[in-house]
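> The structure's right below; bear with me while I get my questions together.
Readers should treat all values here as calculations from the given coordinates under stated rules, not as data from a laboratory. Because the structure is predicted, anything quoted here is derived from the model rather than measured. Please note: Cβ atoms are built from the backbone with ideal geometry, for glycine as well, and neighbour counts cover all protein chains shown.
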Amino acid sequence: MHKRQLKNQPEDALTEVTARYAVAVTDEVLETIDPDDPNDPIARQYLPSVEELKTTPQETDDPIGDDVHSPVKGIVHRYPDRVLLKPVHVCSVYCRFCFRREKVGPKEGQGSEALSPQELEAALDYIRTTPQIWEVILTGGDPLVLSPRRLQALMEELNNIPHVKVIRVHTRVPVADPLRVTPELVAALHSEKAVYVVLHCNHARELTEKVRAVTQLFLRAGIPLLSQSTLLKGVNNDAKTLEDLFRALTALRIKPYYLHHPDLAPGTGHFRLSVDEGQELTAALQGHMSGIAQPRYMLDIPGGFGKVPVGSPWIEKKGPHYNVTDYKGGTHRYSSDE
Ligand SMILES: *Cc1c(COP(=O)(O)O)cnc(C)c1O
Ligand code: SF4
């Protein structure tokens with residue numbers, strides 16, 4: 001397999017894929033791909049596939065219903081106390097399973113998602129005048145593709161809003177484009193507020209020496225790191241792969257936060273698995289792996305209703321008492337008042 005192309009991909013079909021969806025991959029990612037492995041889990045995340053041309057009736061352009069919760073351009077306000085602020089619509093790489101694939105990228109239509117300086121000001125005004133906003137989540141696109149100067153200016157604006165107490169940054173840059181993470185970029189995130197960085201990482205092999213080194217720059221600057229992963233068929237859908245990923249992250253002082261069930265984004269059916277499979281996988285980790293290494297398994301309800309934990313139920317109400325399953329599969333009766 002060539003490092004830049006998956007095996008057995010007809011050229012004309014691939015051209016159709018790349019005409020429809022953005023493609024970008026960095027040298028660092030390409031170096032991580034094993035060219036002798038036709039099922040390489042890194043290649044599958046980034047290199048276009050003709051399978052993307054298949055869409056199913058359940059898939060939609062706006063799989064998690066961002067549009068219905070957008071009071072002003074660049075803001076998604078779905079939950080009472082926190083908003084997404086999307087200052088950019090581009091990423092350093094384009095993941096083939098991206099849940100915002102119709103919105104992120106350099107293509108026409110996607111470009112209309114970029115915020116002009118006036119639009120960014122209007123989005124900031126919304127935050128300034130909405131006192132229940134306690135947390136601002138910078139996402140996009142990937143906010144860490146901003147220059148340190150622009151990022152710092154944005155952080156300063158947020159810093160000046162008294163009711164905002166927490167700033168969270170969702171990013172794939174440290175994993176996919178580690179050379180972008182300079183001391184200047186990390187310094188630009190400095191704030192008097194609590195700042196958390198959430199890394200998107202789906203496989204332990206993505207945590208190369210270079211990636212590991214840049215993650216430590218955030219930690220040394222006093223910025224805690226969390227991770228989010230997407231459960232993806234052919235990438236990480238077995239318990240050992242997930243365990244290796246979550247242990248590697250935790251040993252790097254990165255707390256696994258969420259494991260997302262894949263969203264119904266167009267042309268991503270080849271990555272999807274059932275919630276049953278996801279529950280089985282996450283249940284297999286319970287008890288066998290340290291609690292601090294366990295993320296919550298989450299489903300984003302299509303239509304804009306928000307995320308909910310969908311981990312397997314360990315406890316079941318049975319009349320006046322409960323049946324509880326232990327991590328080895330034994331069942332026990334639990335009651336606190338009989
Ligand atoms: C995912 C998401 C958040 C963050 O949710 P948490 O459960 O706090 O991580 C906030 N707003 C929107 C619109 C989201 O989609
Ligand atoms: S980095 Fe995130 S937003 Fe960008 S393509 Fe990947 S999943 Fe989508």
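> List the chymotrypsin sites (Phe, Trp or Tyr not before Pro) in region 272-338 that DSSP assigns to loop (not H, G, I, E or B) and whose Cβ has at most 15 other Cβ atoms within 10 Å. Which are they?
Taking region 272-338 and a limit of 15 other Cβ atoms within 10 Å, the loop chymotrypsin sites (Phe, Trp or Tyr not before Pro) found are F305, W314, Y327.
> Convert 4 °C to kelvin, take the viscosity as 1.567 mPa s, use the Kirkwood radius over C-alpha pairs of region 87-206 as Rh, and evaluate the Stokes-Einstein diffusion coefficient in µm²/s, rounded to a whole number.
Translational D for this selection: 86 µm²/s.
> Next question. Largest first and to the nearest Å, give the Cα extent of region 51-313 along each principal axis.
So the extents along the principal axes, rounded to whole Å, are 46, 44, 33.
> For region 51-313, what does the relative contact order come out to in percent, with C-alpha contacts under 8 Å and a separation of six or more? Don't jump to the answer; show the numbers that get you there.
Numbers: 513 pairs, mean separation 56.0, N = 263.
With pairs under 8 Å counted, the relative contact order is 21 percent.
> For region 185-269, which trypsin sites (Lys or Arg not before Pro) are both in a DSSP coil and crowded by at most 13 other Cβ atoms within 10 Å?
Here the trypsin sites (Lys or Arg not before Pro) that fit, given the DSSP loop and packing criteria, are R253.
> Would any residue of region 292-327 have its amide N under 20 Å from a label point 7 Å out along Cα→Cβ of S336? List them or say none.
In region 292-327, the label zone of S336 (backbone N under 20 Å from the point 7 Å along Cα→Cβ) covers 313-326.
> Moving on to the next point. When the dipole is taken about the Cα centre of the chain, and only Lys, Arg (+1) and Asp, Glu (-1) are charged at their Cβ, what size is it in debye, to the nearest 20?
740
> Would you mind calculating the relative contact order of region 1-56 from Cα pairs under 8 angstrom and at least 6 residues apart, reporting the percent as a whole number?
53
> For region 282-338, max minus min Cα coordinate along each principal axis, in Å, sorted largest first?
42, 28, 16
> Quick check on region 255-338: of the DSSP beta bridges with both residues there, what percent are antiparallel, nearest 5%?
Numbers: 12 of 16 bridges.
Here the antiparallel bridges make up roughly 75 percent for region 255-338.
> Hey, which of these cross-link pairs are over 27 Å Cα-Cα: K193/K233; K240/K318; K54/K103; K165/K233; K165/K255; K255/K318?
Among K193/K233; K240/K318; K54/K103; K165/K233; K165/K255; K255/K318, the Cα-Cα distance tops 27 Å for K193/K233; K240/K318; K165/K233; K255/K318.
> Here's another thing I want to ask about it. For a quick check: sort F271, F99 by the number of other beta carbons within 10 angstrom, fewest at the front. Working shown, then result.
Working: F271 24, F99 20.
If I rank by nearby Cβ atoms, fewest first, I get F99, F271.
> Antiparallel versus total DSSP beta bridges in the chain: what percent is that, nearest 5?
Details: 15 of 43 bridges.
Approximately 35 percent, going by the DSSP bridge assignments.
> Report D for region 132-173 in µm² per second (integer): Stokes-Einstein, Kirkwood Rh on Cα pairs, 20 °C, 1.002 mPa s.
Working: Rh = 10.8 Å.
Diffusion coefficient, whole number: 198 µm²/s.
> Residue farthest toward the positive end of the dipole of region 51-313, with Cβ of Lys/Arg at +1 and Asp/Glu at -1: which of S70, Q286, S92?
Q286
> Go ahead and estimate [θ] at 222 nm for the chain from helices alone: -39,500 (n - 2.57) per DSSP H run with n ≥ 4, summed, over the residue count, rounded to 500.
After summing the helix terms and dividing by the residues of the chain, the value is -7500 deg cm²/dmol.
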